[in-house]
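Below is one structure, written out as structure tokens; comments come after it.
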Amino acid sequence: MSSEELSSSITDWFFFNSWWLLLPFVMLLVIAAFIVAFVLLLYMISPLISPKPFKLNGAHVVVTGGSSGIGKSIAMECYRQGAFITLVARDETKLVLAKKEVEKCAINDKQVVLCISVDVSSDYGQVESVIKQAQEKLGPVDMLVNCAGTSIAGKFEEVDMDRFKKMMEVNFLGSVYPTRAVITTMKERRMGRIMFVSSQAGQIGLFGYTAYSPSKFALRGLAESLQMEMKPYNIYVTVAYPPDTDTPGFVEENKTKPLETRLISETAAVCQPDQVAKIFVKDTVQGNFNSSVGPDGYMLSALTCGMSPVTSITEGLQQIVTMGLFRTIALFYLCSFDSIVRRCMIQRERAKAADKRE
């Protein structure tokens with residue numbers, strides 16, 4: 001074999017084998033290009049499968065727990081967008097004051113604020129009756145905001161047994177009854193929005209919330225089941241997860257919070273009700289199933305999405321991509337919470353030991 005032939009054979013051999021070496025990189029490029037094209041396609045078709053935004057102008061919005069806090073702020077936000085409002089709460093005095101505040105947000109002289117005093121957790125027949133009255137005056141309910149709720153913080157063995165029952169009655173049944181009262185009409189009209197105001201304590205169980213958290217977790221189960229039933233009727237359900245928010249209820253809750261609960265809560269900022277209300281109303285109008293506030297809220301919603309429905313393919317992709325990272329971050333949070341609980345326990349034991357020595 002001549003030197004030229006040998007050189008040519010060597011060149012051919014390297015050329016042939018170099019392709020094998022480059023093949024994995026070529027495959028990676030093809031896969032990457034496919035993924036990019038797939039994601040772009042999903043972004044393009046996502047608006048086609050998402051629910052159409054709901055218009056609040058002229059709509060009838062019922063807000064339970066609307067006399068104060070987040071409920072009142074939601075009513076004000078809806079009123080700013082032209083809605084007719086029915087405020088539902090127990091305290092007539094607070095309702096009258098709330099009505100005056102909501103009316104200041106009017107954008108036209110046709111808008112009306114109706115007040116109804118009733119305990120939405122006590123008797124379904126009574127709730128059904130007052131909702132019927134509201135619909136006779138302001139028309140069918142287009143959007144229901146279940147915001148009536150209460151909270152208590154305390155160690156499991158220190159919470160009175162009747163408080164566990166009260167939490168489920170107010171926070172869970174207090175949402176079931178109004179929803180049941182409006183759902184038939186919504187199905188007949190093939191339209192509607194329902195918001196359940198849960199809590200970040202309805203996404204993660206925390207020290208001191210053994211009575212409160214289960215009642216808020218229950219709302220998610222209700223919402224997921226209800227959404228599957230109502231979606232064919234163009235009715236969309238939203239579960240809102242507010243963080244600690246500067247409301248009268250939050251102030252009252254702080255009076256009974258154990259030290260551990262207070263220290264854990266202080267790891268996140270306290271939000272303002274108007275800020276929270278704007279986000280919740282926007283998500284409900286758009287038909288989003290989950291509604292959260294801030295980076296912590298977004299992370300919790302992604303982490304706990306499980307089998308929750310999504311209203312766009314984009315949302316589902318975001319959850320898939322971020323799940324691993326958020327779980328890693330969450331583990332650090334959980335370690336921090338456990339550390340707080342252990343430190344508080346050690347401090348109490350030392351204090352008890354010191355008292356015994358004295």
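Screening region 197-234 for residues that are in contact (Cβ under 8 Å) with a residue 40 or more places away in the chain and among the aromatic types (Phe, Trp, Tyr) and picking the one that is surrounded by the fewest Cβ atoms within 10 Å (Cβ to Cβ) gives Tyr233.
Ile116: touching a strand residue (DSSP E or B) at 6+ places or on another chain (Cβ under 8 Å), within 27 Å of Tyr212 (Cβ to Cβ) and of a type in the set (Val, Ile, Thr), yes or no? So Ile116 passes the test. Among the helices (runs of 4 or more DSSP H) confined to region 99-204, the ones with at least 1 residues that are touching a His at 6+ places or on another chain (Cβ under 7 Å) are located at 124-138.
Being assigned to a loop (DSSP other than H, G, I, E, B), among the aromatic types (Phe, Trp, Tyr) and at pLDDT below 95 is not true of Phe38.
Selection within region 49-83: residues that are of a type in the set (D, E, K, R) and part of a loop (DSSP other than H, G, I, E, B). The member of this set that is modelled with the lowest pLDDT is Lys52. If you go through region 84-98 and keep only what is assigned to a helix (DSSP H, G or I) and either of a type in the set (Asp, Glu) or touching a residue at least 24 places away in the same chain (Cβ under 8 Å) (or both), you end up with Glu92, Lys94, Leu95, Leu97, Ala98. Between Val130, Val197, the distinction of being within 26 Å of the chain's Cα centre (by Cα) and either closer than 26 Å to Gly82 by Cβ or among the polar types (S, T, N, Q) (or both) belongs to Val197 only.
Of all residue pairs spaced 6 or more apart or on separate chains, those with beta-carbon atoms under 7 Å, a first member in region 316-338 that is of a type in the set (Gly, Ala, Ser) and a second member that is surrounded by 11 or more Cβ atoms within 10 Å (Cβ to Cβ) and in a helix (DSSP H, G or I) are Ala330/Leu303. Among the residues of region 300-358, those identified as of a type in the set (Val, Ile, Thr), part of a helix (DSSP H, G or I) and either farther than 30 Å from Leu226 by Cα or in contact with a helix residue (DSSP H, G or I) (Cβ under 7 Å, 6 or more places away or on another chain) (or both) are Ile313, Thr314, Thr322, Thr328, Ile329, Ile340, Val341, Ile346.
The values are calculated or read from the model by the stated rules, or taken from the named source; none is laboratory data. Everything quoted here is computed from the prediction, not taken from an experiment. We place every Cβ from the backbone using ideal geometry, glycine too, and count neighbours over all the protein chains shown.
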